[in-house]
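Worksheet: the structure to be examined is printed underneath.
The values are calculated or read from the model by the stated rules, or taken from the named source; none is laboratory data. Keep in mind the model is a prediction, meaning the values are calculated, not measured. Ideal geometry is used to build each Cβ from the backbone, glycine not excepted, and the neighbour counts take in all protein chains shown. These accessible areas exclude ligands, DNA and RNA; they are computed on the full protein's heavy atoms, side chains included. Shrake-Rupley method; radii C 1.70, N 1.55, O 1.52, S 1.80 Å.
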Amino acid sequence: MRGAKARLAAAVALADQGRLLVDRSGRVRADPAVPRPAERVGPAVAQVAAAVRAAVELAGAADREATARLAELSAAAGIGWVSVPPGRRPAAGAGPAEVGRWWAGLTPAERRWLVAREPALVGRLDGVPVTARDQANRLLLAARRAAPLARERELLSRAPRGPVEVARLARVAAALRGLDGLADRLATPGPPRAYLLGLDPAGDGRAIVALGNPDRAGAVLTYVPGMTADLADAPGELGRAAQVLDRCAALAPAEETAAVLWLDYDAPDFLDEAARGGQARDAGPALHRFSEGLRASHEGPPARHTVLGHSYGSVVVGTAARDHGLSADALVFVGSPGVGVAHAAELRMPAGQVWASTAPDDVIRLARPPDELARRAVLGATPLGPAAALLHPTGHELWFGVDPSDPAFGGRRFPSGRYGHTGYWDPGNPALDGMARIVLGR
């Protein structure tokens, strides 16, 4: 309904620009106070009238869907729950498409029973609709905040004993802050609505959160953050996804978009971990399944899917695309140390749909490959000292392969201002506009 209102507002603004009148029934006509030839007025009237009709049709569709959902709730009040036998579960290792077919074969009463009685199963299944996963994971979040973490909160109130306990309690406190921040965002009633698609508070914690409904949106962004990202950082990382979504709304107010924070991997905490690709390789299968799941549960015509990786997150995205394939229409890398391949063609993406941007002052440009750093160390030990290292040509290579924002990589570049390694989402940075336009396919 919000989309319909936005479309109608855009149609009325178009009518105002063309000095046309729109009455309460939606009929469009020329303003008699502005004399113009009929051949000039006719096309403008037709354009605005078509826009008004599209808005009204979308509002009608929303109204019919609301009616159907209310009817289903009314029927459910009489039927109640219907338990699902243990044998009626998706097979182990079932892909998202198979999971989607299994879910579609259940009755509404069976689905409600599974969400309420087995939220841990429903909440993690790629291919299950976003709304059902959200309901299940909200139940899990409430339980985890109320019961297991109560003991941790009690521990935090005590004086720690020794450095190990201090470190442990610091991690617990950070995880609690992250959970509280996510809970606050999930409770926010205003648009865009937040959907909790995954949650695991163990260790550094993991979370998958969507802003807007990916099952309905015509354009969907999946954002994979980089080094040190964990549950404590989830609210802030979600804010980056929201920045792109806000820019999409400004560029295309009538188009429904959604942005997903995908923090479902163990991001490196230290530089020595980030220098290895093991955690990116481990994340690949889960990111592949998630992207397939978004396709399987989507309603209506296929959406345009974009996967964006920042810093080490770009290594995760590139490795997943290389080793498993991603069900995406575009890949975007910002602040990347390389993505595990020498050329964009190795990422299994349509031609022209691999994009990258690196700020001129991003320190990631110093992440040279190991062999080059070794040569620089040798040169730095010569009588010329550090000056000799500066004279050594750097080439196109970064730590994890060819710089994706270098022309030699074969992708497409979009500009960034001098905002450092974390400023790609700054409202004044042209990179934010570039990311939004890629998401929208513009």
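One decimal place: the segment Asp272-Ala202 gains 23.0 nm when fully extended, by the rule 0.36 nm per residue minus the C-alpha distance. Relative to the current alpha-carbon distance between Lys5 and Val56, full extension at 0.36 nm per residue lengthens the span by 17.5 nm.
3J(HN,Hα) along the range 328-340, derived from phi through the Karplus expression 6.51 cos²θ - 1.76 cosθ + 1.60 where θ = phi - 60°, amounts to 9, 9, 7, 10, 10, 10, 10, x, 8, x, x, 10, x Hz, with x in place of Gly and Pro. Relative to the current alpha-carbon distance between Arg144 and His396, full extension at 0.36 nm per residue lengthens the span by 86.0 nm.
Heavy-atom accessible area with a 1.4 Å probe sorts Phe400, Phe333, largest first, into Phe400, Phe333. Every pair of different Cα atoms in the range 33-115 enters the Kirkwood calculation, which places the hydrodynamic radius at 17.4 Å.
When Rg and the Kirkwood radius Rh are both evaluated on Cα atoms of the range 264-361, their ratio Rg/Rh stands at 0.98. Taking every Cα-Cα distance in the range 24-64 and sorting them into 10 Å bins from zero, the calculated P(r) comes out as 26, 42, 21, 10, 0 percent.
Once C-alpha pairs closer than 8 Å and six or more residues apart are averaged by separation and normalised to the residue number of the range 157-294, the relative contact order reads 24 percent.
Converting the Cα gyration tensor eigenvalues of the range 299-354 into ellipsoid dimensions via √(5λ) gives semi-axes, longest first, of 20, 12, 10 Å.
In the chain, the portion of solvent-accessible area held by carbon and sulfur atoms comes to 58 percent [1.4 Å probe, whole percent, DNA, RNA and ligands not counted].
Computed from the C-beta positions of Leu186 and Ala116, the FRET efficiency with R₀ = 25 Å rounds to 0.90. Would you be so kind as to identify which of Leu294, His396, Gly423 lies farthest towards the positive end of the dipole of the chain, taking Lys and Arg as +1 and Asp and Glu as -1 on Cβ and the Cα centre as origin? Of the listed residues, the answer is Leu294. Each semi-axis of the equivalent ellipsoid for the chain is √(5λ) with λ an eigenvalue of the Cα gyration tensor; in descending order they amount to 41, 34, 20 Å.
Find the percent of Cα-Cα distances in the range 191-237 that exceed 16 Å, and round it to a whole number.
Numbers: 462 of 1081 pairs.
Counting every Cα pair in the range 191-237, those more than 16 Å apart make up 43 percent.
Ordering of 213-225, 9-21 by packing is 213-225, 9-21, highest average first (other Cβ atoms within 10 Å, averaged per residue).
The Rg/Rh ratio of the range 1-142, with both radii computed over alpha carbons and Rh defined as the Kirkwood radius, is 1.26. Determine which residues of the range 8-33 fall in the zone a paramagnetic label at Gln47 would reach in this model, i.e. backbone nitrogen under 17 Å from the point 7 Å along Cα→Cβ. Hits in the range 8-33 for Gln47 at 17 Å: 8-22, 28-31.
P(r) of the range 169-256 in 5 Å steps, Cα pairs, percent per bin? That works out to 3, 13, 25, 24, 16, 10, 5, 2, 1, 0, in percent per bin.
Averaging over all projection directions, find the projected area of the Cα convex hull of the range 217-308 and quote it in nm² with one decimal place.
Details: hull surface 25.9 nm².
Reported value for the Cα convex hull: 6.5 nm².
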